[in-house]
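Comments concern the structure below.
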Amino acid sequence: MKYDTVIKGGTVVDGTRVPRYAGDIGIKDGLIAAIGRIKDSEAERVIDAKGCIVAPGFVDLHTHYDAQLFWDPYCTLSGWHGVTSVVIGNCGFGFAPVAKDMRDRMMLSMTRVEAIPLESMREGMPWDWETFPEFLESVERAPKGINILPYVPMGPILVWVMGLEDAKSGRDPTDEEMAEIKRLLHESMDAGGCGWSAQRLPASGGMASQRDYDGTPMPTDQMSNKTALHLAEVLAERNEGFVQMTYVSGDAKSDAEHYEQLAEVSGRPILYNAVVAADRHPERHRKALAWLERCREKGFRVVGQGVTTAAGQTFTFEDWNLFDESDAWAEATTGTLEERLHKLGDPARREGLREGAKIVERGAVTSSFAEIVCLECVQEDQKINNDLFLREIAEREGKHVVDAMLDIVVADGLKTLFYLEPISTAFGPMSEIVKDPYTLFGVSDGGAHTKFLTAGRYPTETLIRFVRDEQVISLEEAHWRLSAWPAYCAGFKDRGTLREGAPADMIVYKMDELEVTDIEVVHDLPGNEWRRIQKSKGYKYTLVNGDVTFDHGECTGATPGKLLRHGGAA
C-alpha cells in the first residue's frame, strides 16, 4: 500500500496559522507522506475524521515526568489531553548525574519540591545510570507512548561537582569546579540535552515557594548570577540550546536585567517562568507582558510561559507543602506526620502562621486563606465544617481563619480535605495572557504535585474555554500556540505542525464534544501510591509517530514515542 494510514475527511488545522481546510492526510513509516485528496484504497487503514478537527499533537514544555516516564509510557495526564511530546529536566531538577550513594537523597528532594511520592520513585525507576548520557540511554530503552525531549537540569551537576552541602551553601564554584561543571554540561548536551534549566528562588522569605524535603533551599536556588552567565557561555560556544529558568530575587528590575544578560551572553532563547494572572494583582502579569515585549524590541528571545489553566488544588496536610513562601509554614509542615501534627497544633507557633498567611496570600498559590474550602472532615464532630469556606467557619467560631483551619486539621489528624481556587479565576486577567501572541501556554507541572494538582488538562481546557466557549482566540491561533510555537521555543525539530515529511504526531477530535472530566483519585502509581487525575472526552484518536496511542479515549498499548536528542529523533 502507498500509505500505512489515511486520516480521511477531516478539517485540517495544521499549526502554522494557515486557515483551516478540508483534506486527507496520508501516513507512511511514521511520517506525513501526503496532504490533500487520498483514496481509501491506497491505505492499509482508514480513519474516518468526518466532522472532526485534525491537528498537530500538543507540546507540553513544563513537566516533571523524569521519574514517571519509567512506569507510565504515556506521561498522563498529558497523554490523555492530546499531548504527543513533553520536555523533562525542568527547573534544574532531575536524576542525572547522580552517584549511587546519592540516589535516595536526590529522590527525597523531589518529594517536597515537586511532591512526587518517594515509594513510587524507589520502585518505579530502574536507576541503571549514573551520568547524564547513561540516563538518556535508559530513557531510550524505556517504552514510550509519547516523545521525550530532555533539558539538562543543573541541580544534579552542581551536587556531583561540589557535593551536596557546598552546592546548597551559596558559595560560587571554584575555577576548577566551574570548568568541570561546564565540561559536564557540554557532555550532557553532546548526548542530546537541549539546553539547561534551573529554579532560582530565594533561600527563605516570601518567594521561597519550592524547597527541599527538609525545608532548605534547592542547590540551584543558591546558584549565583555569575555562575548562570558562565553556563550561558556554554550555549554561546555551541550556538545551540535553550535556558528554562525560574528566577526571582525580589528586585524586579535586576531580575529583568539578568534574564536579558543571559539572552545576550548566550544568544539563545530563554524560557521565563512564569507569567501568572492574579485577580487581586492584575498589574503583575501586565508588567511581565510589557517587559517581554520590550525584550523582543531589543532583540532578546525571552519567552514567557503562562499559567493558562484554572485548575485548583485539592489537598490535606498529610502531604501539603505549597505554603513554603512563608518560613513559618515551611517549618511547620516539614518532618514526620507526628512532628507536623504537633507543630500545627502548637499555640506558640500560631502567631507566626497567621503572619505567614499574609506572605502566602501575596504569592502564586492562593490570594485568600478565607476562600479556601473545607471539603471533607474525617472525625464525626468536625463534619459540621464540610463544604464551608474557612471564612464561614471562622465567623461562626469567632476565630482567625488560620486558627479555624488548623484547629480542624489537628482534630482530624491532618486528614481534612481542602480545596483552594487558583489565584486567577476571573476570565479577564487570564484571557490577557492567552491573547498575547508570544506567551506559551501551560506550565502543567505534569508528573509533579500528583496529589494536589491536575494542570495537565490545560490543552483541552484551552480549546474549550478560550476557543469554543469564549472565542478569545481563533482555532488556528490556539493550535499554533499549543504546538508549533512551544516546539520552536524548546528546540524541537520538525514537530508541531502538519506538513509533508514531518513526523505524524496528531490528534483527531470533535470540538463540540471536548470535555475535561471530574477529578478522580486513582491508585495507579508504584509503591501502592495514589494521585488525583482528570481525563478528557472528545479526542477520537491520538497518533504518535504515525501509530494510534489512544482510540476514543482508550489506550491502545502502542509505544511509538521517541527520545528527541538535540530536538530530533535521528
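FYI, it's all coordinate maths here, none of it is from the lab. The shown structure was predicted, so the numbers you read here are calculated from the model rather than taken from an experiment. Positions of Cβ are generated from backbone atoms using ideal geometry, with glycine treated the same way; all protein chains shown enter the neighbour counts.
Structure summary
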quantity	calculated
For the chain, fraction of C-alpha pairs farther apart than 30 Å, in %	50 percent
Tally of Lys pairs whose C-alpha atoms are under 30 Å apart, taken over segment 204-351, 8 or more apart or cross-chain	6
Extreme residue, positive dipole direction of the chain, given options Leu262, Tyr458, Trp291 (C-beta unit charges)	Trp291
Taking the chain and dividing mean pair separation by its residue count, relative contact order in percent (alpha carbons under 8 Å, at least six apart)	21 percent
Residue exposure sequence - His281, His479 - by fewest surrounding Cβ within 10 Å	His281, His479
Cα centre as origin, Lys/Arg/Asp/Glu Cβ charges: segment 473-541 dipole, Debye	160 debye
Farthest toward positive dipole pole in the chain [+1 Lys/Arg, -1 Asp/Glu at C-beta], among Gln382, Val410, Gly145	Gly145
Qualifying lysines (Cα of each under 18 Å from Cα of Lys358; at least 8 residues distant if same chain)	Lys399
Three principal axis lengths of segment 38-167 [C-alpha, angstrom, descending]	64, 24, 24
Test item: Cα-centred dipole of segment 313-420, Lys/Arg +1 and Asp/Glu -1 on Cβ, debye	200 debye
Largest-first principal axis extents of the Cα set of segment 313-420 (Å)	31, 28, 25
Surrounding net charge for Gln534, when Lys and Arg each add one and Asp and Glu each subtract one, Cβ distance under 12 Å	+1
Dipole of the chain [Lys/Arg +1, Asp/Glu -1 at C-beta], most positive-end residue of Leu344, Ala274, Gly170	Ala274
Sorted by Cβ neighbour density within 10 Å, fewest at the top, the residues Val521, Val59, Val434	Val521, Val434, Val59
Helix-only mean residue ellipticity at 222 nm for the chain, each DSSP H run of n ≥ 4 adding -39500 (n - 2.57), per residue, nearest 500	-9000 deg cm²/dmol
Residue order, fewest to most beta carbons within 10 Å, for Ser78, Ser368	Ser368, Ser78
All aspartates and glutamates inside 12 Å of Lys39 as judged from Cα atoms, apart from same-chain residues fewer than 8 positions distant	Asp24
Between segment 1-77 and segment 271-294, the alpha-carbon center distance in angstrom	34 Å
Calculated FRET efficiency for the pair Ser249/Glu397, C-beta based, R₀ 35 Å, to 0.05	0.30
Out-of-range pairs (alpha-carbon distance over 26 Å; input Lys8/Lys537; Lys383/Lys451; Lys28/Lys493)	none
Calculated FRET value between Asp190 and Ser224, using beta carbons and R₀ = 30 Å, to 0.05	0.70
